Structure formats: C-alpha cells, structure tokens
1. With an 8 Å cut-off on Cα pairs and a minimum separation of 6 or more residues, tell me the relative contact order of the stretch 163-312 in percent.
2. Go through 274-283, 298-307 and give me the packing order, highest mean Cβ count within 10 Å leading.
3. Putting +1 on Lys and Arg Cβ atoms and -1 on Asp and Glu Cβ atoms, find which of GLY245, THR275, GLY310 reaches farthest to the positive end of the dipole of the stretch 163-312.
4. Quick one: net charge of ASN271's neighbours, Cβ under 10 Å, K/R +1, D/E -1?
5. Shape verdict for the stretch 163-312, please, from the Cα gyration tensor: rounded (a/c under 1.5), prolate (a/b greater than b/c) or oblate.
6. Could you order peptides 315-321, 256-262 by the average number of other Cβ atoms within 10 Å of their residues, highest first?
7. Can you show me the helix-derived [θ] at 222 nm for the chain, built from DSSP H runs with n ≥ 4 at -39,500 (n - 2.57) apiece and divided by the number of residues, rounded to the nearest 500.
8. Quick check: residue separation of VAL441 and ILE75 times 0.36 nm, minus the Cα distance between them. What number comes out in nm?
Amino acid sequence: MSDTTILVVGGGLAGCEAALTLARLGHLVELREMRPGRKTPAHQTENLAELVCSNSLKGLGLGSAHGLAKEELGIFGSALLPLAFSARVPAGESLSVDREAFSRAVEEAILAEPRIQLVREEVTSIDPERWTVLAPGPLASDALATALRDLVGGARLSFFDAIAPIVSADSLDWEHCWKANRWGKGDGTDFVNCPLDRTVYDAFVQGLAEADSVEPKPFEPKELFEGCLPLEEMARRGPETLRHGPLRPVGLDDPKTGRWPWAVLQLRAENREATLYNLVGCQTRLKWGEQKRLFSLIPALAKAEFVRLGSMHRNSFVESPSVLSPDFSLRAAPRVFLAGQITGAEGYTEALATGWYAARQLHARISGGEGDPLPEATALGSLVRFLTTPRPADAPVFQPMNINFGLLPEPVFPKGTKKKDKGLRKELQGLAALDAARGWVSRR
C-alpha cells in the first residue's frame, strides 16, 4: 500500500468513518479536528463524533430507506455502524444511541488504530495536490469554507439547521403522558407521548406562529432545509400543519380515553438510563424564553426542566451536482474528496455512508484505478447519483437530500401484482438493493 499519508479533515461521523476505513485498507491517515482549540456554535464537547441535532440515526429494517442504508453499510463494512449499535438506546424501530457512549467508542477506535494520527488543529487551506477527504460537517470554519469556495468557484455553501430541546425525565408530569410506540410496534415503551387537546394545541400553534425567533447573523443566508424545518416555521404554514407532521396523533391511543388525542408530542430517550428525553421533531430557533413559555403549555411539560434548549446553526454544503464527480472528488481538484453534510447528504446515516464511500473511492484511485462506483440499485448508489448528476439549467435550486426510496430505480413487479402497492414496492427495492450490494462486495 502507498506510504502517502492521507489527510482527513473533520472528526465528526463522516470524517471518523473515512479515517477508519482508509486505515483498515492499509493507508496512513492524519485526522484533523479543530475542536477544542476552535469551537462551534452547536457542539458542547471536544469529543469526536459528537451528535448535535438528535441522537437518532433513524429507522431500521427494509421498510425504511434509512434501515435499508444501514443494511447496506453492514454489508460494505462500515466502521462506525457497529459502534452505534453498541451504544444503542430503546427507540422502537429506529437506531438511537447514548451520545456519550457512542462518541467514546468512536474516539477509542480512532486512538487504537496505529495508522491514524489524530491532530487537534484547524485546517484553514486546501492543498489540491494532496490526497484529502474533507468532512468538516455542517459547521465548517469560515477559513476552510472560504478555501473550499475559492477552489470550486463560488458554489453556495450554507443554510440553516435547527436543534431540538432536551428535558429531564424526572421533571415530566407523568399524569399527563404515557409510554407507547405508534401502532403498538416494538415493546411499546420506547416513546413518551404528551397529548394536547384542541384548546391547548390551538394556543400552542398560535404562540409558535407569533413567537420571537433568533435572527440569523447578517453574513448568513436565510434558506431552510425543507426536511428539517423549525417547529415555528411549520406552525406558520397553517394551523393543521403540525397535526399532520411532528405532532400527529395517529396510532396512539390515550389510555385515559381509548382514543387518539387531538395532537401528540412524542419524547424519545436521549440516553440509556432514560433520564433525558428529546422532543421529537421539535427543532426550533425560537428565543430560549419563548421556548420555555410555549412548551410549558403542554400539560406533561408544564414543569419540565430543559437541560438543552433548541438553537440554530449554520450548515455548510456545496452545490454537489456542479462540483462533485461521481466518486465524490472535486472536479476542480481530483485528489480532494468530500464526505458528510458538505456533500449535500443530510443526516447521520448519510454521514456514515458518504464517509465510507469517499474513503473507498479514494482508495481505488490511489491504488491506480478510476474509482469504484456503487450500483445505482443500492440506496447509497442512488444517493450518490442524485448528488453528482449535473442538473438542467431550469432545475429547482439544489437542496440537501436524505436517502429515500424515491431515489431508487423502479422495481420489477411479479406478474399479477399491483404496482400501487407501496409496501411491496419498498420490499422489492430493498431486496434488489441488498442483492446489488452483496454483488458489489463479492467482486472486490
């Protein structure tokens, strides 16, 4: 293997995944993380792989696109996915982790790998001649963002992402909430459900729509990612928006009435001990006083202790279809690869996936190949295709994308089956994706 030391910038999910993958492929790696010397507005620790917005890596199983992606990552040999499972906390049919346990496991794995040198220093420039994986996450420093912008020719680099509040379990009013999973799935105790009657719901929505928000700084653009809108933005789109979104009551029978409430706010365990709960879907940029006032309208949260309130931070990404090659290298600098949210792949599972993918593609190139593309039938391959396929001039403005079934090719339906059957469609897409993933691995 080459004795060239590969630079990986960023100690988040994508950077750590890329560093471990490259090291296990036999490469020497210098992993650079700017914290704690240079802090960010959202991180609270200096730990590697710190999860900021949520502790959930989303769904499991082939019925979920993120579940399919995790199945693929297991086949491909993701370095961080097993660590996430080792730090898992109950969350129904999804993979949620104890943040501290997960971060600790990742850092231990990095420090235990002799081919990785961890350097706690900020990277402020980009050498286009050095083999590099840039994975600075959503909070790239101004200096690095400027260097990347100069390299790719001024592509757009930022939008806003919101963080949900966390409350302590012992401060909840358990007379006004109950544990249950939607539709009774799993063991039925992974979520705490806080009902709102119509009067409370109307007051809550009106309060959200009228509340004061933290304004973005003058140098930061005001775009919002549609897949992660702040709660107040959804409330301003209409009084029923939240009841059909994060506060939907479907599949949740209130034990006091035997019926679905008018609306339900769900809480998910933030740690293994279930002493902390995350307000699911309640990412917000409201001022902190407003957050406390409005969430206390919900009976179960009337006296809640907020150990973390919601906040807003910049999220950096490039206009990938115009600047990335199919192997995630920059067209303007073919030895520089991107991974994580900087690519426009939104989400934790996507960060793992793109970190692994960029590392494998760099490995193929440095080993003398021309890249090692994934089948488009796979969830990851379909995401790569979306991110790197040039768009028509009249296409909508590029926004970040999650892995989803809509990106996968149309499945082949057995004769006599109805193509409108969404469950069958997902099953067929999932099975085809796993077959393609195993085939790709078997040919390596």
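1. Values: 284 pairs, mean separation 63.6, N = 150.
Dividing the mean separation by the residue count of the stretch 163-312 yields 42 percent.
2. Details: 274-283: 21.1, 298-307: 17.9.
Descending mean neighbour count gives 274-283, 298-307.
3. Among GLY245, THR275, GLY310, the one farthest towards the positive end of the dipole of the stretch 163-312 is GLY245.
4. Numbers: positive: ARG99, ARG272; negative: ASP98, GLU100, GLU270, GLU273.
Its environment carries a net charge of -2.
5. On the way: a/c = 1.74, a/b = 1.46, b/c = 1.19.
Verdict is prolate for the stretch 163-312.
6. Details: 315-321: 22.1, 256-262: 12.9.
Taking the mean over residues of other Cβ atoms within 10 Å, the ranking is 315-321, 256-262.
7. Values: 12 runs with 135 residues, N = 444.
Calculated mean residue ellipticity at 222 nm is -9500 deg cm²/dmol.
8. Values: separation 366, 0.36 × 366 = 131.76 nm, distance 0.76 nm.
Fully extending the segment from VAL441 to ILE75 adds 131.0 nm.
Where a number appears in this text, it was derived from the coordinates with a stated rule and is not lab data. It should be emphasised that the depicted structure is a prediction, and the values quoted were computed from it without experimental measurement. Note that we place each Cβ from the backbone using ideal geometry, even for glycine, and neighbour counts take in every protein chain shown.
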